[in-house]
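Let me begin by presenting the structure, written as structure tokens, before commenting on it.
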Amino acid sequence: MAQTRLGRNENISGWAFIAPAMVLLGIFMIWPILWSLWMSFQTGRGMNMSFGGLSNIIRLTEDPIFVKALGNTLTFLAIQVPIMIMMALIFAVMLNSPRLRFRGLFRTAIFLPAVTSLVAYSILFKSLFSTDGFVNASLIALGLSERGVNWMGDPFYAKIVIITAITWRWTGYNMIFYLAALQNIDKSIYEAARIDGIPAHAQFFKITVPMLKPVILFTTIMSTIGTLQLFDEVQNITLGGPANATLTLSQYIYNLTFRFMPSFGYAATVSYVIVVLVAILSFVQFYVARDRK
Amino acid sequence: MSGLKLKGLRKAYGGFEVIRGVDLEIEPKEFVVFVGPSGCGKSTILRMIAGLEDISGGELFIGDRMVNDVDASKRGIAMVFQSYALYPHMTVEENMGFALKYAGESKETIKRQVAEAARILGLEALLSRRPKDLSGGQRQRVAIGRAIVRHPEVFLFDEPLSNLDAELRLQMRIEIARLHKELGTTIIYVTHDQVEAMTLADKIVVLRDGRIEQVGSPLDLYDNPKNQFVAGFIGSPKMNFLPAKIQGGRLSLVGYAGQSLPLPPLETAPLDGTEVMIGIRPEHFTKDGQAALELTVEIVENLGNETYAYARQGHAEMLTIAMQGDRSTRPGSAVSARFDPQKMFLFDMKGERIF
Ligand SMILES: Nc1ncnc2c1ncn2[C@@H]1O[C@H](COP(=O)(O)OP(=O)(O)O)[C@@H](O)[C@H]1O
Ligand SMILES: [Mg+2]
């Protein structure tokens, strides 16, 4: 179609309006993304880098710390996300029931962790689970344990502390999405189910869960991304210890960049591992949740 | 099919009574319609029958069984909601078969019953669709189908046609009447639309403020309303009401320049000065009536088959007059509205009918 002068002028002012935003996005987002992709093919220490082809990817497979960090991250993901999503769903359904008293109070209490600072709550959990902390004192007082549990010193228990912490922090956050979705569901659907004699568990699994499917998909993907990028909690509670038992990928990237002799190229490669994982897992989740006809 | 018995049924929400003692008998296979203005408690009674609301007082029998404490799913009822309440993620077929699956029916039985219901309602071609791909009327049919497959003793409908446009409403009304004939179930049907009530009901129950005002057949209520409320509620367009005073054994019309009408024979002759309310149905104005009101026409509505004039004298109440095929009336013209005083109604100031 032939362009009029007016059309061209409008075109120019349109681009002029979005130019500042485009420039900022370009400098602070697109450029770093491309640059880090380029960097992931560089080897060397500090500023002294050279093109290494696929050598960083080969290094990944031979790096026991990377394998450990990857395993830890996937463990956190596989255990924590399903537990949290399930709990958030159950809390949401319970808090949505008109028969429950003090609903407002419970809602606030469950959502409150989501507004606390990551560092502050991490430090709180660190003190709760220290050898002479509140949790051990309670266990001993209740007679469940003689000398308490060495939470931070044991690879298994340290993972449990991390999982507990992030579950505490993020369950309420996810619950809010479900609660909002539940409040949009016509109440008479459940009344019809009641008259139809649908048992409570079937109402939950066959009515509520399918109707919340889009929201569940959204929260699952967001939680997956969040857990793959897990950093603050482990850094503040266990520092990745003991013996790298809670080291995560993000933390390993941080260590590669800022703690050890800086190895920017290799750190960028590990970052792209997270990108690839997010892409694969999101695809799988979309695929599983697709509308089957 | 079961009948129902409501004995002194009450419902209170936190100390505030919304249903204040309802006594009613419903015969097996009867089509009963609850009508009344919005907020009078129709839905609440229906939901108590369904088992969706606890009963605060009184007794509810379905058949011979007292069901006050029986679970909703065990009362032998099925309900159709105004919002349809279909399961949005299920197909039409799944929606209709869902209850049967949990009632432990076999796959073949479910398939057969769903097919049967689909045939009755003309839904065969839509079985694999989701509710969002259906029109309002089709959704309502699915909701009815979901009720039919369970072979309930009693059908409950809560304003099932309110979300449909006028044409569909008429079509579904005929459909529901046909279903009642075909299935022979007891039906309790709630509506605020008196036309639906008149056309569908064997028996109409008129409610106001949580109490029954009158129970009767549609024509019963039309011909013999017990009070001014029922008289005003049943009939379309609404009955006209003219305030009057009894003076010297005649009815002196208020706002009609001293005009008076003969007082019909009453059981107890009222005292001079007693205020009363005269009721005249718009369709009871006829050319050969013995009494006449001299009015000025303000608005004319031509519906084709019928013409309604809205007219009054001076600043008195506006009256609705069915013009009996006379299309010549124009706004501003004078009309002599004749009627037969034998056909008028008389109410005392408490609204009770005295003639
Ligand atoms: N859950 C409730 N809590 C308090 N009042 C209610 C509740 N449900 C209904 N009501 C009141 O009960 C009355 C009857 O309501 P309803 O049966 O829905 O009326 P209708 O169906 O005749 O329009 C109304 O005044 C309404 O405000
Ligand atoms: Mg209602």
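Among A:145, A:263, A:40, which one moves the most in a GNM of chain A with springs linking Cα atoms closer than 10 Å? The residue with the greatest mean-square fluctuation here is A:145. For region A:149-194, state which residues have at least 10 Å² less accessible area in the presence of all protein chains than in their chain by itself, taking the probe as 1.4 Å and leaving out ligands, DNA and RNA. Going by heavy-atom accessible area, the residues of region A:149-194 that drop by at least 10 Å² are A:186, A:188, A:189, A:191, A:192, A:194.
Based on Cα contacts under 8 Å between residues 6+ apart, region B:147-235 shows a relative contact order of 22 percent. Distance between the 7 Å Cα→Cβ label points at residue A:272 and residue A:180: 3.6 nm.
Tell me the GluC sites (Glu not before Pro) within region B:208-293 that lie in a loop according to DSSP and have at most 13 other beta-carbon atoms within 10 Å. For GluC sites (Glu not before Pro) across region B:208-293 that sit outside H, G, I, E and B with at most 13 neighbouring Cβ atoms in 10 Å, the list reads B:267.
When the listed pairs B:7/B:203; A:213/B:111; B:245/B:350 are checked against a 25 Å cut-off, the alpha-carbon distance exceeds it for A:213/B:111.
Distant-in-sequence amide contacts of residue A:231, defined by a placed amide H-H separation under 5 Å and a gap of 5 or more residues or a different chain, comprise nothing. Solvent-accessible surface of region A:64-288, taken per residue with a 1.4 Å probe and all protein chains present: 49 Å². Cross-link check: pairs B:226/B:343; B:287/B:343; A:206/B:42 evaluated at a Cα-Cα cut-off of 23 Å; pairs beyond the cut-off: A:206/B:42. Residue-wise HN-Hα couplings along region A:128-143, as the Karplus relation 6.51 cos²θ - 1.76 cosθ + 1.60 with θ = phi - 60° gives them from phi, are 4, 9, 5, 3, 10, x, 5, 5, 5, 4, 5, 4, 5, 4, 7, x Hz; Gly and Pro carry x. Region B:140-209 and region A:211-271 have Cα centres spaced 60 Å apart.
Taking label points 7 Å from Cα along the Cα-to-Cβ direction, residue A:131 and residue A:280 give a separation of 4.0 nm. Think of each Lys and Arg Cβ as +1 and each Asp and Glu Cβ as -1; about the Cα centre, that makes the dipole of the protein assembly as shown roughly 1760 debye.
Accessible surface buried by the B/A pair amounts to about 1900 Å², both sides summed, 1.4 Å probe. Computed from backbone phi with θ = phi - 60° and the Karplus coefficients 6.51, -1.76 and 1.60, the 3J(HN,Hα) list for region B:339-355 is 8, 8, x, 5, 8, 7, 10, 10, 10, 7, 6, 7, x, 6, 6, 10, 8 Hz; x is used for glycine and proline.
Summarise the accessible area of region A:5-56 (1.4 Å probe, protein heavy atoms) by the percent that is carbon and sulfur. Exposed carbon and sulfur together represent 76 percent of the surface. Sparsely packed loop sites in region B:236-334 (the trypsin sites (Lys or Arg not before Pro) outside DSSP H, G, I, E and B with at most 11 other Cβ atoms within 10 Å) comprise B:287, B:327.
Give the calculated FRET efficiency between residue A:116 and residue A:79 to the nearest 0.05, with a Förster radius of 30 Å applied to their Cβ-Cβ distance. The value I calculate is 0.85. The residues packed around residue A:73, meaning those with a beta-carbon under 13 Å from its beta-carbon, carry a net charge of +1 if Lys and Arg are +1 and Asp and Glu are -1.
Need one word for region A:64-288: rounded, prolate or oblate. Basis is the Cα gyration tensor (sqrt eigenvalues a ≥ b ≥ c); a/c below 1.5 gives rounded, then a/b vs b/c decides. Oblate is the answer for region A:64-288, as a/c is 1.5 or above yet b/c matches or exceeds a/b. How much net charge surrounds residue B:82 when only other residues with a Cβ under 11 Å from its Cβ are counted (Lys, Arg +1; Asp, Glu -1)? Net local charge, residue B:82 excluded: -3. Computed from label points 7 Å out along Cα-Cβ, the spacing between residue A:63 and residue A:23 is 3.7 nm. Using C-alpha pairs under 8 Å with a sequence gap of at least 6, the mean separation divided by the residue count of region A:64-288 gives a relative contact order of 30 percent. Each Lys or Arg adds one and each Asp or Glu takes one away; over the other residues whose Cβ falls under 11 Å from the Cβ of residue B:7, this sums to -1.
Taking amide H as placed 1.01 Å from N in the peptide plane, residue B:207 has its amide H under 5 Å from the amide H of B:35, B:36, B:213, each at least 5 places away in sequence or on another chain. In this calculation the C-beta distance from residue B:349 to residue B:183 is compared with R0 = 41 Å, giving a FRET efficiency of 0.35.
Legend: calculated FRET efficiency, residue A:15 to residue A:222, from the Cβ-Cβ distance at R0 = 22 Å, rounded to 0.05, equals 0.10. In chain A the longest region clear of chymotrypsin sites (Phe, Trp or Tyr not before Pro) that are loop-assigned by DSSP and have at most 13 other C-beta atoms within 10 Å covers A:103-259. A DSSP coil position with no more than 11 other Cβ atoms inside 10 Å describes the following trypsin sites (Lys or Arg not before Pro) in region A:104-151: A:147. Near residue B:31, the amide H atoms lying under 5 Å from its own belong to B:187, B:202, B:203; only residues 5 or more places off or on other chains count, and H is placed 1.01 Å from N.
Summarise the accessible area of region B:45-155 (1.4 Å probe, protein heavy atoms) by the percent that is carbon and sulfur. The value for region B:45-155 is 46 percent carbon and sulfur by accessible area.
The values are calculated or read from the model by the stated rules, or taken from the named source; none is laboratory data. Model, not experiment: these values are computed from the prediction. FYI the Cβ positions are ideal-geometry reconstructions off the backbone, even for glycines, and counts take in every protein chain you see. The protein model used for the area step is the full one, side chains on, heavy atoms only, and it has no ligands, DNA or RNA in it. Shrake-Rupley method; radii C 1.70, N 1.55, O 1.52, S 1.80 Å.
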